[in-house]
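Worksheet: the structure to be examined is printed underneath.
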Amino acid sequence: MKIQGCVALVTGANRGLGKAIVSALVEAGAAKVYAAARDERQVVADGSRVVPLTLDVTKPEQIAAAVRKAGDVTLLINNAGALNSFNVLTSTPGDLDADFRVQVHGTLGVIRAFLPVLERSSGGATIVNVLSLTSLASFPPLGGYSASKAAAYSMTQALRPELKRKQIDILAVLPGPIDTDMVKDLPMPKTSPADTAKGLLAGIARGDEEIFPDPMAQQMRELWNKSHKEYKRAFASF
Ligand SMILES: NC(=O)c1ccc[n+]([C@@H]2O[C@H](COP(=O)([O-])OP(=O)(O)OC[C@H]3O[C@@H](n4cnc5c(N)ncnc54)[C@H](OP(=O)(O)O)[C@@H]3O)[C@@H](O)[C@H]2O)c1
């Protein structure tokens with residue numbers, strides 16, 4: 001998809017990767033970017049093309065209101081994500097549920113609600129789901145989160161042929177660790193949100209069904225292509 005001139009909506013746009021995606025979209029020439037956040041006052045509207053929008057992806061009434069306000073979206077980026085569940089044995093059902101509510105039910109709720117809007121786009125439209133390398137294999141210290149990202153990846157695959165018939169592409173982004181609040185306590189090499197956002201937009205422009213936006217993700221893609229078993233072993237051994 002051509003980023004220049006598109007009308008994008010980014011969820012979780014007030015901080016972390018979402019905020020960097022908004023800046024990258026503006027820089028790449030998007031005509032308008034709806035920066036959606038649970039608290040829209042936290043959105044940095046650093047240009048007239050950025051429109052703050054209130055959206056908690058787990059709240060159907062807020063999703064419906066966002067559709068009414070953003071009826072011209074052609075690029076929907078489901079970036080909002082939560083990390084509440086870690087070890088699968090010790091995470092509470094509530095923590096597991098919290099991750100699935102955002103990653104799976106929230107993302108699907110937003111996609112379903114915006115379908116009529118995206119279908120109206122004359123030049124076709126694109127949905128981008130921000131997933132994780134843990135969508136492909138579990139990272140046991142984040143086992144509950146990994147399960148939610150694997151479910152969101154499976155859902156993305158399920159939607160692809162159906163959406164294709166409606167002229168809508170759906171792309172999966174599988175980043176490695178990003179230097180944001182989400183993983184601030186995990187000591188490991190991380191890519192900056194700005195560089196990850198840049199890689200993500202390059203993947204959208206190419207129309208890659210699976211986008212590996214940063215150097216670690218690209219390295220892991222090589223391993224995945226070489227051997228699924230070795231990829232799974234690498235994650236399990238952390
Ligand atoms: N950081 C990493 O290493 C990494 C790696 C791979 C993939 N990812 C994915 O990248 C995406 C962005 O994460 P990040 O690293 O930028 O994390 P972050 O800094 O923790 O930001 C998470 C964003 O999601 C929003 N959010 C959480 N629950 C929400 C809800 N119910 N409705 C709407 N927005 C909600 C947060 O809003 P509030 O400010 O209101 O909480 C925040 O804007 C996520 O999907 C994450 O899983 C991250």
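The values are calculated or read from the model by the stated rules, or taken from the named source; none is laboratory data. On a predicted model such as this, the values are computed, not experimentally measured, just so you know. Positions of Cβ are generated from backbone atoms using ideal geometry, with glycine treated the same way; all protein chains shown enter the neighbour counts. Accessible surface areas use protein heavy atoms only, side chains included; no ligands, DNA or RNA. Shrake-Rupley method; radii C 1.70, N 1.55, O 1.52, S 1.80 Å.
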request  = Pull up region 89-104, narrow it to residues that are over 14 Å from ALA150 (Cβ atoms) and either part of a helix (DSSP H, G or I) or within 9 Å of the ligand (Cβ to nearest atom) (or both), then point me to the one that is nearest to the chain's Cα centre (by Cα).
outcome  = VAL102
request  = Scan (1) among the polar types (S, T, N, Q); (2) more than 17 Å from ALA202 (Cα to Cα); (3) open to solvent by 50 Å² or more (accessible area, probe 1.4 Å) for the single condition GLN4 breaks and write down its number.
outcome  = (2)
query = Pick from region 153-183 the residues that are in a helix (DSSP H, G or I) and touching a Gly at 6+ places or on another chain (Cβ under 9 Å): which of them is surrounded by the fewest Cβ atoms within 10 Å (Cβ to Cβ)?
reply = ASP181
inquiry  = With part of a helix (DSSP H, G or I), within 13 Å of the ligand (Cβ to nearest atom), under 22 Å from PRO116 (Cα atoms) and open to solvent by less than 30 Å² (accessible area, probe 1.4 Å) as the only criterion, which of ILE63, ILE77 stands out?
reply    = ILE63
note = How many residues of region 111-145 are free of Cβ contacts under 8 Å to residues at least 40 places away in the same chain and either open to solvent by less than 10 Å² (accessible area, probe 1.4 Å) or of a type in the set (Gly, Ala, Ser) (or both)? The answer is 2
ask   = Before we move on, is THR107 at negative phi, touching a strand residue (DSSP E or B) at 6+ places or on another chain (Cβ under 6 Å), among the hydroxyl-bearing types (Ser, Thr, Tyr) and not in a strand (DSSP E or B)?
value = yes
note = Among the residues of region 1-42, the number that are part of a loop (DSSP other than H, G, I, E, B), within 23 Å of ALA125 (Cβ to Cβ) and within 16 Å of the ligand (Cβ to nearest atom) is 3
message = List pairs: first residue in region 80-101 and in contact (Cβ under 8 Å) with a residue 40 or more places away in the chain, second residue in a helix (DSSP H, G or I) and open to solvent by 70 Å² or more (accessible area, probe 1.4 Å) anywhere in the structure, Cβ distance under 7 angstrom, at least six positions apart or on different chains.
response = LEU83/MET182
